[in-house]
Every structure is written in C-alpha cells, then in structure tokens.
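Reading through the structure tokens given below for one structure.
The values are calculated or read from the model by the stated rules, or taken from the named source; none is laboratory data. Since we're looking at a predicted model, the values are computed, not measured. Cβ: placed from backbone, ideal geometry, glycine included. Neighbour counts: every protein chain shown. These accessible areas exclude ligands, DNA and RNA; they are computed on the full protein's heavy atoms, side chains included. Shrake-Rupley method; radii C 1.70, N 1.55, O 1.52, S 1.80 Å.
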Protein chains: 4
Amino acid sequence: MNNNIVKIGVVGCGYWGPNLIRNFVEIPETEVVAIADLLQTQLDHVKGRYPQIQVATKDYRDLLELGLDAVVIATPHHTHFPIARDCLNAGLHALVEKPITLSSHDAFELIQIAERQGLILMVGHTFEFNPAVHVLKGMIHSGELGEVYYIDAVRASLGLFQTEINVIWDLAPHDISILRYILGTEPLNICSHASSCVQEGIEDVAYATLQFPNNILAHMRMSWLDPAKTRRITVVGSRKMIIYDDVENLEKIRVYDKGVKAIRRTDTFGEFHFAYHYGDVVIPFIRSEEPLRLECLSFVESIQDGTTPRTDGYNGMRVVQIIEAAQESLMLAGQAVTIKETPTMELEEGGGRSVIRA
Amino acid sequence: MNNNIVKIGVVGCGYWGPNLIRNFVEIPETEVVAIADLLQTQLDHVKGRYPQIQVATKDYRDLLELGLDAVVIATPHHTHFPIARDCLNAGLHALVEKPITLSSHDAFELIQIAERQGLILMVGHTFEFNPAVHVLKGMIHSGELGEVYYIDAVRASLGLFQTEINVIWDLAPHDISILRYILGTEPLNICSHASSCVQEGIEDVAYATLQFPNNILAHMRMSWLDPAKTRRITVVGSRKMIIYDDVENLEKIRVYDKGVKAIRRTDTFGEFHFAYHYGDVVIPFIRSEEPLRLECLSFVESIQDGTTPRTDGYNGMRVVQIIEAAQESLMLAGQAVTIKETPTMELEEGGGRSVIRA
Amino acid sequence: MNNNIVKIGVVGCGYWGPNLIRNFVEIPETEVVAIADLLQTQLDHVKGRYPQIQVATKDYRDLLELGLDAVVIATPHHTHFPIARDCLNAGLHALVEKPITLSSHDAFELIQIAERQGLILMVGHTFEFNPAVHVLKGMIHSGELGEVYYIDAVRASLGLFQTEINVIWDLAPHDISILRYILGTEPLNICSHASSCVQEGIEDVAYATLQFPNNILAHMRMSWLDPAKTRRITVVGSRKMIIYDDVENLEKIRVYDKGVKAIRRTDTFGEFHFAYHYGDVVIPFIRSEEPLRLECLSFVESIQDGTTPRTDGYNGMRVVQIIEAAQESLMLAGQAVTIKETPTMELEEGGGRSVIRA
Amino acid sequence: MNNNIVKIGVVGCGYWGPNLIRNFVEIPETEVVAIADLLQTQLDHVKGRYPQIQVATKDYRDLLELGLDAVVIATPHHTHFPIARDCLNAGLHALVEKPITLSSHDAFELIQIAERQGLILMVGHTFEFNPAVHVLKGMIHSGELGEVYYIDAVRASLGLFQTEINVIWDLAPHDISILRYILGTEPLNICSHASSCVQEGIEDVAYATLQFPNNILAHMRMSWLDPAKTRRITVVGSRKMIIYDDVENLEKIRVYDKGVKAIRRTDTFGEFHFAYHYGDVVIPFIRSEEPLRLECLSFVESIQDGTTPRTDGYNGMRVVQIIEAAQESLMLAGQAVTIKETPTMELEEGGGRSVIRA
C-alpha cells in the first residue's frame, strides 16, 4: 500500500472509542470516515465533536461496504471476535481492543484469517507503546539492572465494574503484555487466587503468580476495589531496582542504585555475610507522549508498510492463553497451570507466515 | 504478685534487644538487673549506656540464679525455644521475640510449661500494641467499614537478610498477628509462593493468600528486596476503605468514604448496575506512643496482676502454625494448606487453663 | 435577551484560546461562529479540529460585522484593551483574559463603555469558578476556620517566560483574585520584592505581602523559575488550618483540625502558656468540574439574564490596581504602597450602575 | 591541649539540652561530668538516664569550680550571654545554642573574652554540620548549578511558641547560617514583614528578603503557625535547580537538571526566545549521620587541636546582626535595612586573631 490516506471506521463509541477516534482524527495520514455504535446518543456525541465523520450507523456491517481500509474495534469484549472476523473477511485491517478475544481459539481464528487475507491484525496493548515501558525494557536489556530477580505489578483502584468479564480479563492484559514485552520471554505457568466481593461469580479482586524462565517470579495484584489508584511495577535486579509508577505525571520511573550481595566467607564453611550497596536514585526524563497516539501511528505504519505490528494478533492470543491458564488455576484453588504451547498454524496456502516463534 | 519492682533480665543485646532494654529501663515499675549476649562488644555497648545494669554475662544461664522475676528473650530465632524453656523452668516469666519458636510443637511445650508453673508467657507481636492497629480494629468492629471484603498487606524493603530463616518466618508474624487481631478470627487455609533470589534455598520474596471465615481474602506480600520501604495494609469494606501506612510518621491511617454497590435492575431479569459513592477522606489523629513501650507495659501488668497478655503463648503458637502451613504450601507449589487445629492441652494438674478457644 | 443561542467570536487562538473555544463549542447554548488570530497556523489548527467554525480571520475587526453577540479575548496582554474597547463599542459582550488590561485607567475605560452600552464585561479570573476555591471560601465564611490569621500563597514552576510582562503581571492575578474572593475584602497595601534572573528588566521571581483588614497578612510567592510545579494556598485560622493544593488531582483541600491558643495564667501576672490542639485531617470530596467551563457558563448566563458576572470589569480593574501598587513597591525597594481607591464612575447618563461598592 | 578526655558540663536540660548530653555521652573523647538546670525534675530526668553524671545542680556557677574543660549552654535565650560570659571568664571553652546572644554587642563581648582567654567559642548552628547542606554547598561551589539565581527557604510548622523571642529570632538562625555557609558571602540588606497572630507583640509568622552579592535574592518564610511541617530550601541556578527538604528521611536532596535560557534572536533586534531544558532528576545518596553529633565532635576537635570551629563566635554574631537588621526592618514597615559592618576588634594584647574577614 502506498502512503495514501488510510480510511478508518471505528466500531464502538463508548468509554474508550472516543479516545481512539480523537487520535486517528489528529493523525494526518488517516481519516475517520465512519463510526458505529448501538446507541444513538454515543453516535451523536461523537458526531457533534467531529462533524467531518461522514457515516454514523448502529450496524457495524454498514462499514464493510464503504471502501474503508481499516477498522478499529472498541466494543464490549464478547463482540470483539465476531466483529473482527467479519471485518477481516471483508478485507479490512483491524485494530482490536484488549483482550483481543475471550478465547485463544477465537484469537487463533482471527490470526488465520488475517494471514490468509494478507491483512494487519493488531491488538490494543497500549502499554507496549508507553515511553516509560520502553525505558524499563531498555534498562533490563542493557544489563543496567543486572540479573532480573523478580517483578511485582499492582493495578488497582475503585474501578469500572464489569458484568461480563472479571478483573483478571479486564486488567491482566495490561501487565501480562508489559511483562512479556520487557522480559522478552514467555511465562511457563501461572497460579491465581481471587475473590468476588461485589457481584456473585464475577471476581473483582485477584492475585496471580507467573513463573518466567531464568527463575524470574512475577506477581500481579489486580483490584477493582481499592481506595488508591495504583499502577505500579517494581523490577528488582541484582544491581539496581526500578519502580515504574504510571499514576505519576512526570516522575514515572525511579531507578534505585541499591542492592545486596551474599558473600561467602572464605574463613568458614558455607557461611554468608551480606554486602549492602546504597547509591543515588535517578528519575530519568521521559518525553511526554500519549501512548495511544503511538499505538495508532504504529497501526497506520504497519498498514502502509506491510510490517508486523509490535502487538500483533499472536501477541493478543498469547495474552489470552495466559489469562485462560489463570482462569483454570482459579478453578483448581490456585494450583499452578502450565501455559499452553502456541498452536501451530497450518495454512493451506503454505506461503503464510508462521505464528510459531522463538 | 504485688506491685513491687519487677526485676528483669534481657537475653540478646543485638539488633532488637537494646530497644527492649531502653523501654524497660524507662518504666518505673521495672528494673533491668542483668543482660546476656554471646558477644562482649554488645554487652559493653549496653553497659556503657546503662551503667546501672548489675550483671552482664555471656551465658544466659547465669540469669537463672539472680532472683529475677522475668526474662526478655531477643536472641537468634532458633534459640528462642531452649532459652525460654530453661527460663520458664527456672520460674521466670518470659517475653519472647517473634516468632516465639520455629515449630508449633515447641511453642506448645512452652505454653504447657508456663501453665504448669503459673507463669506469664508472652510473645513480642508488637503491632497488636500499635495505636494505629487499634484504630483499624475499632473501625472494623464498630461496623463503620461495613462488611470486610478483603485485606491486602505489604511489608517490603531492602531488608536485613537472614541466613537461618526465610522472609516468611521473618516478616509474616507481623501481618498474621495483625490480621488475626483486627478480624478476631482464625484463617482457614493458606497458599504461598516465593523465590530465593540472593541466597540459594532461603526465600527472600514471598506472597501468601489466606482465607478467613466469612469469605474474607487476605493477601500478604513480603520482601527483603524492594527499593521502597513499605508497610501498608489496605482493608476494603462494603461501606468504607482504609489504608494503614506504618511508614508514615503522622498520617498512618486514611479512611476513604467510598465504595460501590451492585444494584439489581428491577426492570430486567438478572442485570446489575453499579452505584459508586465518593466522599471525604479522613485521617484520624492518632496519639503518638511507642508500641514497644505499650507491649513492655503490658508484660509488666500481666506479671503484676496475673492476667493473660493479649499476645500470650497461644497467640505466638497460632502464628507459628500458620507459617508452618505457608511453608508446607511452598513445598506443594502453592497448593492451599489447611491450618491445623490448635492442639488440645491436657494438663496433668487438671486445673489448668485450657488453650482451646472459640 | 432570551435564551437564543449566543453567537461567539474568539480573538486569540494561541496558548489559552483553544481551551476557551473547546468549552464554548461544548456548551449547547453557544455557537463559536468566528475566530481571529494573527497566525494562519493557529487558525488552521483550530479549524481542523472544529470545522463548524464559519469564519477564521487574521483581523479581529472582521468579527465586528458578523452579527455576533459576544467576543472572548485571549490575545497578548497589551492588546486586551484596544480589542476589548473596539468590541464593546461595536455592541458585543466581552470576556477578557486576565489581566484585563495593563493599566487600571484602561480597565476603567472598558467598564465605562460597557456600562454605557449595557453590555457584559467579564474578566477570566478562572479560580473564582474553581470548586476547591468555593470550598475554601465556604469554610472561611461559615466560621469553621475561626478568625483568619494569615494566608500564604505559592505559585511557581519552570514557567512560560514572557517578554512583555513580568511574573507579577502573569501570576498575581490568580492569587489576588482568589484572596479578594475568599476574604471578601480589599487589601489595604502591598510590598513587593523581585529579581530578574533570566531576562534583564523582566522580573521572573517575586514576593509580595498584602495587608488585608482585620490584621490579616497575605503573602504571595511567584516564580517562573522553580523545579517543582506548585500552586498552594495555606489559610491559617484560629480554629483550623487549610492547605489548598491545586496541583493535586483529587485531594485538593486538606482541613487540619489543629491549632494553638495562648492562655493567660491566672496565678501569675502577664504570663502565657500555650494550649495545642491536634485533631483529624479531613480531605473533603470535591466534585471534579472544569473551572473554565463554569466560567464560560457564567458568561453565557450573564448575557442571557443580564446579571453582573462574579468576575466583572470592576473585579478585573481592582486586580490591576493591586498589581500596579506592587509594581510601584518594586520601584520603591519594597516599601509599602497603599492601594488606590476605586475611581468613582460618573456616567453621563446618570442612570448607570455605579462601580463604587462596599 | 593533648587528646585527654574533655570534661564537659551542660547548662540547661530542657528541650534541647538532653540531645546535647546524649551526644557528648556517646563521644569517647568526652565525659559529661556535670549538669545544671533550674528545675529539679529536669535534673532528675537526666540523672535517671545517665547515672554516671557526677554533679547535678540548680546553679550553673557551681560548674565553674569543678575543673571542667568546657561548657555547653542550652538555656533560655536571654541567659546565653551572662552564662557564657561567666564560663569563658572562668576559663572554660563554650558551645552556646543559637542564637548565640540576643544582641550583637553581647556576642562581640563574648568573642573578645574568648580571644583574650585563648578559648574556643562556638555556636550551635547545627545545619552547618548537616551532610545534606554540605552536598548543597558542594554543588554550588563546583559550578554544577551554574550561576545561583535565587534561594527560597521555608521553615514552618505548628511550632513551639515562645514568649521571650519572636519567630525570626527562633527560626531565622537556621536559614541565615545555611545561606551564609552555602553561598560563602554576607548579605547586604534585609527586608522583613511579620504578623502577631496568637500573642500580641510576639511575631509568629514572618517573611524576610535578603540581598546577597552577585544579585542573589534569598527569601525566608518562617512560621510557628502552619499545618504542615516544612523545612525546605530551593536553590535555583542557571544550569540546575535543587530542592533540599529536611523533613524527608532519606531523599533530602533532589537535583533537577532543568532550566531555561533567554536567547537573543539573530534575525530581529532585541527579541528573545527561550530554550527550555528538561533532564533527569537525581537524588544523591547521603550518608545518614546526626548533624548534632558532628557538631559536638567539631567542638571537641577544636578544643583538642586549638582550631577555629566552623561556627565560631563571629559566625554567631554575624547571624545576630542580620536578625537585628530584620527586626529594624519590621519597625520600618518592611524597608530594606543595610546589614552592619562587622565591628573591628581592637584587642589590647595586639596579638589576637582579628575577627575582620574577607
């Protein structure tokens, strides 16, 4: 595809959709041509702000016949799959909100359709476009942190309660996608614990422990029921420690030059003493850029250049597989559940890109 | 016993002992008569500051023959049991640092000896004497918080690494004793996960989930490897939410008048909407009193009045039992372990107080 | 005027203008018909976002002939006066950004024109529409704070340097308008001190002390050169103390129930002791509303109902008079300068509303 | 003098005296031999804690005949002068709490006596021994901050009200001594403003502006009436900016690599644009040492080595002179008062060290 304007339709104008619309409206290479939502009030609200949008419809299928290049899907989670399937089948590139689907089987089907059609399938794991997360990943991979010991992630607030998915499906995609991205490896297994405080049968408070290769433990706390809005990831390495606090406006990352080493005494057999190290704290300057804008730009770039986006369908499916394992662990009273192997993709055409990766 | 001066010996003058000595020196009803420690430098250091202490010895057994009333034991954990046993057998009341012993069997033996001898056995669960914890307990029990939904406890810092016990044995006694105290119930089971980052075989990072009656979930995060010193307990109720942050000097407790209710719609079957409530935050004034001083005063009062201290041997044993279950869960890859029934105490004398409680 | 749509033109589309445009676009009772700016890029930027704006011109005088009802002026400060004068003379209501003019003489002329024409003249003292400031005023006037002792205001950051006005003209309008509003009185005199660090002759760091009636001292710190963005007002009363921190997102106001009283001893002549009182801190819940939107709504309401806005031309002139006194104090090496009496308005028509107030 | 034990007497065992006693007790090179206080309860309290103190008396004159080497004076301010004079005349070195005296004339007399007698006279300006202040001074003098633009100092809390001195005499010694120390120059003049809120005639809230050489403005806010304990100094330089917050436990200093430069446009005459620079924030690790201990050690070292202490009598007198100028400015409604030249010391003996310095 050349660098012509990318014509975009947005399905879902509720809570998150307008943020996507605002960003695509402000990207010169894209034009938001059409929107769809079941509620007329949402359509009117968006049209009122962006009169340049040409089509506003209650039926997303109307968007399939407008000559669009791509759709952005920000609808209720259980509708991601059928809408994305229809759009891909109609030849449109698709950016789907997280979680990409509510089953890895469905995600795999989307991947297969996109491959067959030669289309971009991308999932809205916004944090992988967050400059602070890039700094975090950079510090891990440069070796500045030393060996990664463990990671603790907390995502809590008095949140928006949902009735169709629990807090794990709602919040874990963020932290799982961050963990996979910054570590560059896949978790081996997961244990989870949860409680349903407000609605029977819908967990609103959950904890999960993930085992990553190299003996790295990662723990996630997720809660819709917390008085203080918290979005914090602590990465502890053998040389330095980092706190990434996404609630902070300016000082999102703090790098602590501190740690401890166990040193075997030479004079006695098997005994240790501990050498503590305390140094400066550095708060690196991070350019303030809206991660969602970077995500939208990445989608457009992938469409224009035919490149695989960072958060492609496979990435979306992988996160769903891990959440499925977490759900299974809940059923098994917290027992560790091994995370499934990625399905092998047997494309009829033969020439397709395989989703199996290192 | 009448209100005569209580003569005290302190065994262990390392990290924590001097704090106990300072407090007992300043209580008019007590006199620190003797101290014991294996290291002469520690003895000299304490003697230099408190020249009025009459006996300083490397052998704690010397303290058994000085006509003391009570001993305070702040030695390495594995020595708590033999030292406490000897002191109780010698007719001395005992205040033992936490954890009271490294096995519930040993704790039970201490309880039995104390019962037989008619002596006070107390464990140093200092937080049960913390005015902020009292405020927390009061708000739960008055109903101000509504139904308790769940509790999240974090205790982390770049801590003092230990070689004989792991982070659970080191830090969990604090939060377990707080949880039992503020809820007034016993946990049913526990799951735990941990990692040994710095020393092989000694966990320095751990997570545990406790199930309490009335469907109350409690989660503990414990870490010797964290850049930010954190001692925070979040109690979420159906009406209000509390954060107790013990690192704060003045504003330890914040009461958030906020929450959410799921309301069943009357017009549709089975659907909910959510009513959010946002109100003021109140930071109650809490009188600044050193919890350790209140603990020491309580020990003296129990000795003088023959009353059972709040943190008696049973309390100490209960906490050890819970940690034992946590350890067992670690061995079982995080499986839930039911917490043992309290052993029934069959005292030969018959007339003894039973340790079996509601 | 009836409740017809108010047709609005906005002059100045630079830093602040777009915020005003956004708000007026979203108010159903108003329509932004035209915009003016010297720079085509600014016009294009705004038009791109709001294609419904009909006229975009480089000459604000074009706006005088479009049948508008009102103009909003957010241009460089020295142009406020001539533009507002022309607009009022053309029969348009005017909302002028702060400071309303760069001399009280000019402000008075605007007031007189508006009076003669029966038009609304309003100044953009946004903080008088800030819900947190309303809470502050309410607590002072209800007596909850007791007698007001003093007020300390800080407004500092690494700010937007200006070349035509100094930091006092830039920042003092905010705090002076807040002080007048919450106290409900006029300052008697002002002393000021300043330094020109970055540009010769343009003060970028300044301090001012205002004396209000009832012996109330108010102090303002203003700085374009501060590493930490600070917008804090401390109001100390005889019963309670308040900190209003506008940088905080949620917890803007903290009410401290603490204080001290000097108590004359009855047994000795003339001696005092001090009774300290320490109580709870309360952080009142404040509904999150954009102050600028409330300001814009107030402008529209005044136009529709013919009522005097809270921040009318007189209010704007008063603030300018106080800044003029501060400037004079700078020339006099910090000597106290009495703040001018408000000029008496002698309207020829006789029937006009007098600007002289209690 | 050789390195024999320095025998010390402490006069004044009220609020601050016990801190001095604790430090001297713990310094191996000193022995606290005697204490004096008008109140028996204070004497008893200190003796109870330090039974090794040999003499406890209500009359400080008893200390003059005990063969002491030095006295430490922590009595009510108006008694500093007569007590210090008597002690120096009796041949004892003296460490006097701040302010050294309540008039510069008296301070000068003490300096003269000490010179004549060849004794150490030191004032307790503790902050000049504070490691964080040393870091601050180092960053200014190394040029890391660039040219110092201005300094803002705040020292406020709900403080200990005094009846004999106002808030300037109480709090300004801290910040004035810090300012002189870190800048290494003397202020030229001072303006001050204050209010007496709680006690008639005793100012409890005050502001002062000091002009230092090189066009450096320094501003001090002092308050006994503030809800939040604040001890913060902001130093703004042309290259970097520093906040020193002494209330923080660990992160006392933050160095902000940010600033702005006015750059003259080459294409237009006389116009500027501004180049903003935003970089990292660094929180340097500062070893935790009690400043008072370092002060006490310095006193001992000066006695042993015959060296002039950093905070000698001249330093104490200089601070008093500046406060006297601030007081005079209060009388003159805030007018700038030039700070007096240091008196020339004409010692009869001729060989004395002159107090006149660069």
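Using the Karplus equation 6.51 cos²θ - 1.76 cosθ + 1.60 (θ = phi - 60°), what ³J(HN,Hα) coupling, rounded to whole Hz, does each residue of segment A:22-39 give in order, writing x for Gly and Pro?
Values per residue, Gly and Pro as x: 3, 5, 5, 4, 8, 8, x, 7, 10, 9, 7, 8, 8, 9, 9, 6, 5, 9 Hz.
Can you give me the Kirkwood hydrodynamic radius for segment D:1-131, using every pair of distinct Cα atoms, in Å to one decimal? Could the numbers behind the result be given before it?
On the way: mean 1/r = 0.0680 Å⁻¹.
Result for segment D:1-131, one decimal place: 14.7 Å.
Using a label point 7 Å beyond Cα on the Cα-Cβ vector, give me the inter-copy distances for D:ALA333 in nanometres, one decimal, shortest first.
1.6, 8.4, 8.5
How far, in whole Å, is the nearest Cβ of chain D from the axis relating it by rotation to chain A, and which residue carries it?
Measuring from each Cβ to the axis, the minimum is at D:VAL282, 3.
Under the Karplus relation 6.51 cos²θ - 1.76 cosθ + 1.60, θ = phi - 60°, what is the ordered set of whole-Hz ³J(HN,Hα) values for segment A:205-210, x standing for Gly and Pro?
Result, rounded to whole Hz: 9, 8, 10, 9, 10, 10.
On a C-alpha basis, how far is the centre of segment A:194-232 from the centre of segment C:204-245 in Å? Whole number, if you could?
Computed from Cα coordinates, the inter-centre distance equals 43 Å.
Around B:ILE27, under 12 Å between beta carbons, what's the net of Lys plus Arg minus Asp minus Glu among the other residues?
Working: positive: B:ARG22, B:ARG293; negative: B:GLU26, B:GLU29, B:GLU31, B:GLU290, B:GLU295, B:GLU301.
Residues close to B:ILE27 contribute a combined charge of -4.
Regarding the protein assembly as shown, what are the three Cα extents along the principal axes, ordered largest first, in Å?
Principal-axis extents of the Cα atoms in the protein assembly as shown, largest first: 97, 83, 56 Å.
Would you mind working out the accessible area per residue for segment A:207-255, using a 1.4 Å probe, and quoting it in Å²? If you can, show how the numbers build up before the last one.
On the way: 1570 Å² over 49 residues.
It amounts to 32 Å² per residue over segment A:207-255.
Ignoring ligands, DNA and RNA, please state the percent of accessible area on the protein assembly as shown from carbon and sulfur, probe 1.4 Å.
Working: 27960 of 57150 Å².
Within the protein assembly as shown, the accessible surface is 49 percent carbon and sulfur.
Taking 30 Å² as the minimum loss, tell me which residues in segment A:144-177 lose that much accessible area going from the chain by itself to the full protein complex (1.4 Å probe).
A:TYR149, A:TYR150, A:ASP152, A:LEU158, A:PHE161, A:THR163
Please list the equivalent ellipsoid semi-axes of segment B:238-298, computed as the square roots of five times the alpha-carbon gyration tensor eigenvalues, in descending order and whole angstrom. Walk me through the numbers on the way to the answer.
Working: eigenvalues 319, 31, 11 Å².
Value: 40, 13, 7 Å, ordered largest first.
Residue by residue through segment B:83-92, what is 3J(HN,Hα) from phi via Karplus (6.51 cos²θ - 1.76 cosθ + 1.60, θ = phi - 60°)? Round to whole Hz and write x for glycine and proline.
Running phi through 6.51 cos²θ - 1.76 cosθ + 1.60 with θ = phi - 60° gives 5, 4, 4, 4, 5, 4, 4, 7, x, 9 Hz.
Against the longest principal axis of chain D, how steep is helix D:104-117, in degrees 0 to 90 to the nearest 10, with axes from Cα atoms?
Tilt relative to chain D: about 50 degrees.
How much net charge surrounds C:GLU144 when only other residues with a Cβ under 13 Å from its Cβ are counted (Lys, Arg +1; Asp, Glu -1)?
Working: positive: C:LYS137, C:ARG239, C:LYS240; negative: C:GLU147, C:ASP257.
My count for the surroundings of C:GLU144 gives +1.
For segment B:119-162, state the semi-axes of the equivalent ellipsoid (square roots of 5 times the eigenvalues of the alpha-carbon gyration tensor), sorted largest first and rounded to whole angstrom. Walk me through the intermediate numbers first.
Details: eigenvalues 131, 75, 17 Å².
Result for segment B:119-162: semi-axes of 26, 19, 9 Å.
Could you check what % of the DSSP bridge pairs in chain B are antiparallel, to the nearest 5?
60
If you restrict to DSSP beta bridges whose two residues both lie in segment B:60-210, what percentage is antiparallel, to the nearest 5?
Details: 7 of 14 bridges.
Just about 50 percent of them are antiparallel.
Can you pull out the trypsin sites (Lys or Arg not before Pro) in segment A:1-82 that DSSP calls coil and that have at most 15 other Cβ atoms within 10 Å? Walk me through the intermediate numbers first.
Values: sites: A:LYS7, A:ARG22, A:LYS47, A:ARG49, A:LYS58, A:ARG61; in loops: A:LYS58.
Hits after loop and neighbour filter: A:LYS58.
Put the label 7 Å from Cα along Cα→Cβ for A:SER142; what are its distances to the other copies, in nanometres, shortest first?
With the label placed 7 Å along Cα→Cβ, A:SER142 yields 2.0, 5.2, 5.3 nm.
Put a label point 7 Å from Cα along the Cβ direction on B:ARG116, then list its distances to the equivalent points in the other copies in nm, shortest first.
With the label placed 7 Å along Cα→Cβ, B:ARG116 yields 7.9, 8.1, 10.8 nm.
Leaving out ligands, DNA and RNA, calculate the buried accessible area for the pair C and D with a 1.4 Å probe, summed over both sides, in Å² to the nearest 100. Before the final figure, lay out each step's value.
Working: alone 16910 and 16960 Å², together 29990 Å².
Answer for the C-D pair: about 3900 Å² buried.
About its Cα centre, how strong a charge dipole does chain A have in debye, to the nearest 20, once Lys and Arg get +1 and Asp and Glu get -1 at the Cβ? Spell out each step's value before the answer.
Details: 31 positive and 46 negative charges, 194 e Å.
In total the dipole reaches around 940 debye.
Springs between alpha-carbon atoms under 10 Å, Gaussian network over chain B: tell me which of B:ILE190, B:ILE111, B:ILE202 tops the mean-square fluctuations.
B:ILE202
From the residues C:SER302, C:THR234, C:ALA325, which one has its Cα farthest along the dipole of chain C in the positive direction, the dipole being from +1 and -1 charges on Cβ of Lys/Arg and Asp/Glu about the Cα centre?
C:THR234
What does DSSP give for the protein assembly as shown in terms of the percent of beta bridges that are antiparallel, rounded to the nearest 5? All intermediate terms of the calculation are to be shown ahead of the outcome.
Values: 186 of 294 bridges.
Looking only at bridges with both residues in the protein assembly as shown, the antiparallel portion is about 65 percent.
Within a Cβ distance under 12 Å of C:LYS258, other residues only, what is the Lys/Arg minus Asp/Glu net charge? Each step should come with its number before you reach the end.
Values: positive: C:ARG239, C:LYS240, C:ARG254, C:LYS261, D:LYS229; negative: C:ASP257, C:ASP280, D:ASP226.
Charge balance near C:LYS258 sits at +2.
For the Cα atoms of chain B, what angle does the longest principal axis make with the long axis of helix B:313-331, in degrees from 0 to 90, nearest 10?
Once rounded, the angle reads 60 degrees.
Measure nothing but the geometry: give the 0 to 90° angle between the long axis through the Cα atoms of B:40-49 and the longest principal axis through the Cα atoms of chain B, rounded to 10°.
It is inclined by approximately 80 degrees.
Going toward the positive end of the dipole of chain C, with +1 on Lys and Arg Cβ and -1 on Asp and Glu Cβ, which of C:LEU95, C:LEU292, C:GLY143 do you reach last?
Of the options given, the answer is C:GLY143.
Just A:ASP280, A:ASP226, A:ASP312 to compare: in a GNM of chain A, with alpha carbon springs under 10 Å, which one fluctuates most?
For chain A, modelled as a Gaussian network with Cα springs under 10 Å, the answer is A:ASP280.
Do any residues of segment B:282-307 lose at least 20 Å² of accessible area when the full set of protein chains is present rather than just their chain alone, and if so which, with a 1.4 Å probe?
Those are B:VAL282, B:ILE283, B:PHE285, which lose 20 Å² or more relative to the chain on its own.
Among B:ASN214, B:GLY259, B:ASN130, whose Cα projects farthest towards the positive end of the dipole of chain B, with charges put on the beta-carbon of Lys, Arg (+1) and Asp, Glu (-1)?
It is B:GLY259.
Suppose every Lys and Arg Cβ carries +1 and every Asp and Glu Cβ carries -1, with no other charges. What dipole size does segment C:149-219 come out with about its Cα centre, to the nearest 20 debye?
Numbers: 2 positive and 8 negative charges, 53 e Å.
So the dipole magnitude of segment C:149-219 works out to roughly 260 debye.
Quick check on chain A: take the gyration tensor over C-alpha atoms, sort the square-rooted eigenvalues as a ≥ b ≥ c, and tell me if it's rounded (a/c under 1.5), prolate or oblate. Intermediate results must be reported in sequence, preceding the final value.
On the way: a/c = 1.79, a/b = 1.73, b/c = 1.03.
Since a/c reaches 1.5 and a/b is larger than b/c, the shape of chain A is classed as prolate.
Where is the GNM fluctuation largest for chain C (alpha-carbon springs, 10 angstrom cutoff): C:ILE263, C:ILE303, C:ILE140?
Top of the fluctuation ranking is C:ILE263.
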